[in-house]
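Input: a single structure, listed below in structure tokens.
The values are calculated or read from the model by the stated rules, or taken from the named source; none is laboratory data. Since the structure is predicted, the reported quantities are computational estimates derived from the model, not experimental observations. These area figures cover heavy atoms from the full protein model, side chains too; ligands, DNA and RNA do not enter into them. Shrake-Rupley method; radii C 1.70, N 1.55, O 1.52, S 1.80 Å.
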Amino acid sequence: MRLDATPGTPLRVLDDNTASWLARLRLLESAKTSIDTTYFIVEPDAFGLSYLALLAEKARAGVKVRLMIDARGSFSFINSKEGRVLEAVADAGAAVRLYNPVNTQLG
């Protein structure tokens with residue numbers, strides 16, 4: 001696999017699920033001023049819910065958080081009772097947006 005990066009920019013390939021989750025959570029925890037993140041498939045599991053909870057925590061701490069979620073990939077989550085977690089993230093001060101909403105693509 002060939003990966004090109006800007007010279008001097010550290011690059012680390014994370015091909016292990018556990019290592020990638022730990023790295024992702026450490027990045028969020030270390031954010032001081034802003035977080036811009038996208039999420040394709042949010043599930044109501046330990047990974048998805050902890051990710052969203054940490055975003056809400058960072059927003060409450062004054063970090064500018066912008067979250068974009070793919071509405072098709074996360075359709076079942078968004079329309080479940082657990083999907084209310086997104087409202088909690090927004091209520092904490094984060095900007096939450098849905099990309100590719102299903103209802104605008106039908107008919």
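So, taking all protein chains as they sit and a 1.4 Å probe, how much accessible area belongs to residue 75, in Å² rounded to tens?
Here the residue's solvent-accessible area equals roughly 100 Å².
If the cut-off is a Cα-Cα distance under 17 Å, which aspartates and glutamates reach residue 81, setting aside same-chain residues fewer than 8 apart in sequence?
43, 45, 91
Calculate, for the chain, the solvent-accessible area per residue in square angstrom, rolling a 1.4 angstrom probe over the heavy atoms of the protein chains.
On the way: 7400 Å² over 107 residues.
I get 69 Å² per residue for this part.
Report, ordered by chain and residue number, the lysines lying within cross-link reach of residue 32, taken as a straight Cα distance under 18 Å and ignoring same-chain residues fewer than 8 apart.
Those lysines meeting the cut-off are 58, 64.
If each DSSP helix of 4+ residues adds -39,500 (n - 2.57) and the sum is divided by the residues in the chain, what number results at 222 nm, nearest 500 deg cm²/dmol?
Working: 4 runs with 40 residues, N = 107.
After summing the helix terms and dividing by the residues of the chain, the value is -11000 deg cm²/dmol.
Would you mind checking the tilt of helix 46-60 against the longest principal axis of the Cα atoms of the chain, expressed as 0 to 90 degrees and rounded to 10?
Approximately 90 degrees, to the nearest ten.
Can you give me the % of accessible surface on the range 22-78 that is carbon or sulfur? Probe 1.4 Å, all protein chains present, nothing else counted.
58
Rank 91, 15, 45 by mean-square fluctuation in a GNM of the chain with C-alpha springs under 10 angstrom and give only the top-ranked residue.
Maximum fluctuation in the GNM of the chain, among the listed residues, is at 15.
Can you give the angle from 0 to 90° between the axis of helix 17-30 and the longest principal axis of the chain, with both taken from C-alpha atoms, to the nearest 10?
90
Please state the shape class of the range 6-98: rounded when a/c is under 1.5, otherwise prolate if a/b exceeds b/c and oblate if not, all from the C-alpha gyration tensor.
Oblate, since a/c reaches 1.5 and b/c is not below a/b.
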